[in-house]
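Report on the following structure.
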Amino acid sequence: MARIRSPERASPAAEAESRRALIEAVKHPRYEVLPLEGAADDVVAHVPPQVKVTVTASPTRGLDPTLDLAERLSGAGYAVAPHISARLVRDQDHLEELLDRLRSAGVNDLFVIAGDAREPAGDFPDAAALLSAMGGLRERFAEIGISGYPESHHLISDETTIQAMFEKESMATYIVSQICFDAEVIVTWVRRVHARGTLLPIWIGVAGTISNRRLLRIAGRVGLGDSARLLKAHGAWVRRLVRPGVYTPTRLIRELAPQVANAAGRIAGFHVYTFNELARTEKWRRQLVDRLIDEDNHA
């Protein structure tokens with residue numbers, strides 16, 4: 001993985017500012033979970049209520065499992081952001097039914113995406129179309145998120161994803177970036193997003209704590225492209241992942257500390273793709289917070 005190096009070492013004051021910004025970001029992440037059997041119990045058992053939970057949507061199972069889990073977690077006291085995949089919504093009536101159901105459950109944050117279904121189930125081929133169809137109903141939700149791609153999406157061209165961000169920006173309140181393992185790529189993408197005039201807060205997507213080999217299997221399916229490009233772009237960490245062991249995003253997150261501390265970067269925090277490894281990811285998070293605080297106390 002490429003490392004970001006400054007021409008000169010940061011001053012002690014700048015290092016302290018970066019460290020403290022990082023502590024706050026790691027204290028208050030977003031955890032993405034899959035709506036699988038037992039997921040609600042796992043969240044309640046391992047995730048503290050101050051962590052917002054986002055719930056994915058499956059192109060094969062439809063939106064009902066997403067809404068079911070969102071309702072259960074909201075009822076348990078969690079702030080929840082369900083994924084609403086445009087290509088899984090049939091028509092305007094179906095859309096309004098979904099939104100009514102979520103508001104009735106106390107959900108006030110939506111993450112609106114096109115979704116990975118290759119063919120739309122109805123009237124909405126992409127997130128922009130769905131957001132537009134929501135119209136005034138968007139005002140019923142305090143937060144509406146849209147996706148961003150530091151690297152190429154595995155189904156959508158770069159040109160399309162860039163144009164889509166502009167189309168959606170005025171109808172959203174934040175951006176979540178797809179998973180990425182390269183700090184330099186992330187920082188460059190954030191700067192390009194801002195240079196194009198998009199100033200929404202950005203949640204940086206990182207993988208949680210997961211076995212190396214499982215993560216390697218997942219990586220090629222989450223917007224990083226085919227295996228040849230994956231190896232070319234990320235040869236260093238791919239070589240690490242083929243060995244037995246457990247991945248953590250600690251190194252990546254530390255490299256991003258200056259960006260997190262930079263107010264102009266408008267980084268909201270970290271969106272952690274947990275792949276339902278909740279106990280392992282939460283243990284890592286708490287240990288990292290404690291380590292960062294200890295470092296700050298002894299700086």
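Across the range 67-118, what fraction of all alpha-carbon pairs, as a whole percent, falls in each successive 10 Å bin from zero upward?
Spelled out bin by bin, the range 67-118 gives 26, 52, 21, 1 percent.
Work from the charge dipole of the range 249-299 (Cβ charges, +1 for Lys and Arg, -1 for Asp and Glu, about the Cα centre) and give the residue of Leu288, Gly265, Phe275 farthest towards its positive end.
Among Leu288, Gly265, Phe275, the one farthest towards the positive end of the dipole of the range 249-299 is Phe275.
Loop-only GluC sites (Glu not before Pro) in the range 13-65, please: DSSP not H, G, I, E or B, and at most 11 other Cβ atoms within 10 Å.
Glu37
Expressed in nm to one decimal, what extension gain is obtained for the pair Glu119 and Asp68 from 0.36 nm per residue of sequence separation less their Cα-Cα distance?
Contour length minus Cα-Cα distance gives 16.0 nm.
For His194 and Ala14, compute 0.36 nm times the residue count separating them, minus their Cα-Cα distance, and round to one decimal in nm.
Length gained between His194 and Ala14: 62.6 nm.
Test of understanding: extend the Cα→C-beta vector of Arg254 to 7 Å, then name every residue of the range 282-299 with backbone N under 14 Å from that spot.
Only 288-296 pass the distance filter.
Using the Karplus equation 6.51 cos²θ - 1.76 cosθ + 1.60 (θ = phi - 60°), what ³J(HN,Hα) coupling, rounded to whole Hz, does each residue of the range 288-299 give in order, writing x for Gly and Pro?
5, 4, 4, 5, 5, 5, 4, 4, 5, 5, 9, 6
Once fully extended, how much extra length lies between Asp42 and Leu137, figured as 0.36 nm per residue of separation less the alpha-carbon to alpha-carbon distance?
Full extension from Asp42 to Leu137 adds 31.0 nm.
Where a number appears in this text, it was derived from the coordinates with a stated rule and is not lab data. A quick note: this is a predicted structure, and the numbers were derived from the prediction, not measured. Ideal geometry is used to build each Cβ from the backbone, glycine not excepted, and the neighbour counts take in all protein chains shown.
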